[in-house]
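Undergrad: Structure provided below as structure tokens; questions to follow.
The values are calculated or read from the model by the stated rules, or taken from the named source; none is laboratory data. Here the structure is a predicted model, which means the values were calculated and not measured. We place every Cβ from the backbone using ideal geometry, glycine too, and count neighbours over all the protein chains shown.
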Amino acid sequence: MTDKVEPLELARGVYWVGVIDWNLRDFHGYVTPKGTTYNAYLIVDEKITLVDTVKAEFSAEMLKRISQIVDPAKIDHVIVNHVEMDHSGSLPAIMTAAPDATIYCSKNGKDGLHLHYKAYGCEDWDIEVVKTGSELSLGSKTLMFIEATMLHWPDSMHTYIKEDKILLSSDAFGQHIATSKPFDDEVEDVMAEAAEYYANILMPFGRVILKYIDTVKELGIDINMIAPGHGIIWRQDPAKIIEAYGRWARGETNKKVLIIYDTMWGSTHIMANSILEGIKAAGVEVKLLNIRKNDLSSIITEVLEAPVIIVGSPTLNNGIFPSVSELLTYLKGLHPKGKQAVAFGSYGWGGGAVKAVEKELEMAGFELIEPGLQIRYRPDEEGIAACLQLGERIAGFVQ
Ligand SMILES: Cc1cc2nc3c(=O)[nH]c(=O)nc-3n(C[C@H](O)[C@H](O)[C@H](O)COP(=O)(O)O)c2cc1C
Ligand SMILES: [Fe+2]
Ligand SMILES: [Fe+2]
């Protein structure tokens, strides 16, 4: 915990009271080389309102930050936009400090809180359920709630401060960046981090996102600032991140092919390189990623922008090489929309990996555009020619 903790005023009476997790490198499996933040917001009006909290281990730091603005015992309302514990983990500490506070959350949020915080006496908490369009007057400011069911949990909702036109968007529009500069115009590569976050957390929910964007339009709300649950706050150009979400949700991609593979003795690697040469020769952009030399989180971000992926695995014990299986398992859950794929790999005797990769790719929602290519042991000239030709044919699909 830091000794001096400054709150940050986003608008008159609206403060950031979250914490910066500089040293986080793994967010439930998502690799976070830049750390992250857990953003919580305090609104000081006739009613004192806290929107979201932080991971439990940072409770004391958040309370200290709040204390510099107001005595935490004076908190009247706590808005729980999302039950996941990186945002609700300090709720027990807040409810200990302000036991009479009223909690506002979605219907699924109330159920979720009971499933997480029984041991902390949540039966005694005053929990009010709100819906899309519900309003809560704080005095001079008004909060409006927007349910964001399955974006990305059943309980997810967003809070809009009407007078300040600030959307507190929980896990939507976030990025895993720890930074002392909190705004989009102060930090480089924010869009790249936002894309990685979208690819790893929100990719399965494209349809929900498009519906959410429509709801926001129907509500006719003006957005001056989007303050998400992680990372920087979008103040310069909040429309930019909403547009990007629309693009990603619709599955719009660049004209690029991605070759993702692993290899034990280099034969599948030779195949990968030869397929790459074929694609390159046809004038199409292509990128090669060895699975064990790249983390899954960044591979998935590349998948987000590619219309076609080519997945290579050697046969190991009649089946898929484990690192390739891990990628395919992750892809099955993320289920990207409207993408095409091809499988390839080297084998020694009975084979098996290529067929198994094809099956997994289909289960992950990919359309197979070419029969998988398998080559026995090291590719000879003929094998290399087959790879080059496969590359050229694949390039034809993205031109
Ligand atoms: C531990 C091990 C298990 C293997 N199991 C099989 C197998 O069950 N079936 C098969 O066809 N080849 C099997 N092979 C042979 C490899 O698939 C073959 O050597 C292939 O060329 C390796 O490709 P790579 O150089 O890209 O790793 C195995 C190889 C190793 C090292
Ligand atoms: Fe979450
Ligand atoms: Fe989160």
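Undergrad: Would you check if Glu326 is under 31 Å from the mean Cα position of the chain (by Cα), among the acidic types (Asp, Glu), buried (at least 17 other Cβ atoms within 10 Å of the Cβ) and in the same structural domain as Gln389 (by TED's automatic domain parsing)?
TA: no
Undergrad: Limited to region 263-296, what total is found for residues that are buried (at least 21 other Cβ atoms within 10 Å of the Cβ) and either more than 16 Å from ligand 1 (Cβ to nearest atom) or within 25 Å of the chain's Cα centre (by Cα) (or both)?
TA: Count: 4.
Undergrad: Follow-up. For Gln374, are the conditions met, namely being assigned by TED's automatic domain parsing to the domain that holds Thr315, more than 16 Å from ligand 2 (Cβ to nearest atom) and over 36 Å from the mean Cα position of the chain (by Cα)?
TA: No: the conditions fail for Gln374.
Undergrad: Do we find a residue being under 17 Å from Leu289 (Cα atoms), surrounded by 22 or more Cβ atoms within 10 Å (Cβ to Cβ) and within 22 Å of the chain's Cα centre (by Cα) anywhere in region 335-345?
TA: Taking every residue of region 335-345 in turn, none turns out to be under 17 Å from Leu289 (Cα atoms), surrounded by 22 or more Cβ atoms within 10 Å (Cβ to Cβ) and within 22 Å of the chain's Cα centre (by Cα).
Undergrad: Another one. On the given criteria, is Lys64 surrounded by 15 or more Cβ atoms within 10 Å (Cβ to Cβ), of a type outside the set (Asp, Glu), in the same structural domain as Ser170 (by TED's automatic domain parsing) and under 23 Å from Leu10 (Cβ atoms)?
TA: Working: surrounded by 15 or more Cβ atoms within 10 Å (Cβ to Cβ): yes; of a type outside the set (Asp, Glu): yes; in the same structural domain as Ser170 (by TED's automatic domain parsing): yes; under 23 Å from Leu10 (Cβ atoms): yes.
Yes.
Undergrad: Only one of (1) over 30 Å from Thr301 (Cα atoms); (2) modelled with pLDDT of 95 or more; (3) not basic (Lys, Arg) is not met by Leu8, so which one is it?
TA: Going through the list (1) over 30 Å from Thr301 (Cα atoms); (2) modelled with pLDDT of 95 or more; (3) not basic (Lys, Arg), Leu8 breaks only (2).
Undergrad: From the set of residues in region 198-207 that are within 16 Å of ligand 2 (Cβ to nearest atom) and surrounded by 18 or more Cβ atoms within 10 Å (Cβ to Cβ), which is farthest from the chain's Cα centre (by Cα)?
TA: In this case the residue turns out to be Phe205.
Undergrad: Follow-up question, since we're still on this one. Going by the conditions given, is Val190 closer than 29 Å to Glu46 by Cβ and either in contact with a helix residue (DSSP H, G or I) (Cβ under 9 Å, 6 or more places away or on another chain) or at pLDDT 95 or above (or both)? Talk me through it step by step, then tell me what you get.
TA: On the way: closer than 29 Å to Glu46 by Cβ: no; either in contact with a helix residue (DSSP H, G or I) (Cβ under 9 Å, 6 or more places away or on another chain) or at pLDDT 95 or above (or both): yes.
Here the answer is no, as Val190 does not meet what is asked.
Undergrad: So Pro314 ticks every box in (1) surrounded by 15 or more Cβ atoms within 10 Å (Cβ to Cβ); (2) within 20 Å of the chain's Cα centre (by Cα) but one. Which box is left unticked?
TA: Of (1) surrounded by 15 or more Cβ atoms within 10 Å (Cβ to Cβ); (2) within 20 Å of the chain's Cα centre (by Cα), only one is false for Pro314: (2).
Undergrad: From Asp111, Asp76, grab the single residue that is assigned by TED's automatic domain parsing to the domain that holds Glu196 and either over 29 Å from the mean Cα position of the chain (by Cα) or surrounded by 23 or more Cβ atoms within 10 Å (Cβ to Cβ) (or both).
TA: Asp76
Yes/no per residue for (1) over 16 Å from the mean Cα position of the chain (by Cα); (2) within 16 Å of ligand 2 (Cβ to nearest atom); (3) among the acidic types (Asp, Glu):
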| site | (1), (2), (3) |
| --- | --- |
| Ala172 | no, yes, no |
| Gln175 | no, yes, no |
| Glu186 | yes, no, yes |
| Ala192 | no, no, no |
| Glu218 | yes, no, yes |
| Tyr245 | no, yes, no |
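Undergrad: Could I ask something else about it? Please indicate, with yes or no, whether at least one residue in region 177-187 is more than 25 Å from Leu50 (Cα to Cα), in contact with an Asp or Glu (Cβ under 8 Å, 6 or more places away or on another chain) and surrounded by 18 or more Cβ atoms within 10 Å (Cβ to Cβ).
TA: No, region 177-187 contains no residue that is more than 25 Å from Leu50 (Cα to Cα), in contact with an Asp or Glu (Cβ under 8 Å, 6 or more places away or on another chain) and surrounded by 18 or more Cβ atoms within 10 Å (Cβ to Cβ).
Undergrad: Run down Ala244, Ala195, Ala239, Ala249 and say which single residue is away from ligand 3 (no atom under 16 Å from the Cβ), under 29 Å from Ala395 (Cβ atoms) and surrounded by fewer than 17 Cβ atoms within 10 Å (Cβ to Cβ).
TA: Within the list Ala244, Ala195, Ala239, Ala249, the selection yields Ala244.
Undergrad: Right, here's the next one. Testing Val80 on (1) closer than 28 Å to Ser298 by Cα; (2) in contact with a Cys (Cβ under 7 Å, 6 or more places away or on another chain), one condition comes back false. Which one is that?
TA: (1)
Undergrad: As an exercise: evaluate Asp126 against (1) out of contact with any helix residue (DSSP H, G or I) (no Cβ under 6 Å at 6 or more places or on another chain); (2) within 16 Å of ligand 3 (Cβ to nearest atom) and give the number of the one condition it does not meet.
TA: With respect to (1) out of contact with any helix residue (DSSP H, G or I) (no Cβ under 6 Å at 6 or more places or on another chain); (2) within 16 Å of ligand 3 (Cβ to nearest atom), Asp126 is out only on (2).
Undergrad: In region 297-317, what count of residues is obtained for those that are assigned to a strand (DSSP E or B) and within 16 Å of ligand 1 (Cβ to nearest atom)?
TA: 5
Undergrad: For region 39-59, check the following and say yes or no: at least one residue is within 16 Å of the chain's Cα centre (by Cα) and buried (at least 24 other Cβ atoms within 10 Å of the Cβ).
TA: Yes: one or more hits.
Undergrad: List the number of the failed condition for Gly391; all other conditions in (1) under 28 Å from Trp248 (Cα atoms); (2) among the small types (Gly, Ala, Ser); (3) outside any helix (DSSP H, G or I) hold.
TA: Result: Gly391 passes all but (3).
Undergrad: Do you know which residues across region 109-136 are among the aliphatic types (A, V, I, L, M) and within 17 Å of Ser90 (Cα to Cα)? Working first, answer last.
TA: We begin by selecting, within region 109-136, every residue among the aliphatic types (A, V, I, L, M); these are 113, 115, 119, 127, 129-130, 136.
Result: Leu113, Leu115, Ala119, Ile127.
Undergrad: Another question about this same structure. Could you check how many residues of region 372-388 are in a helix (DSSP H, G or I) and farther than 12 Å from Ala343 by Cα?
TA: Adding up the residues that qualify gives 7.
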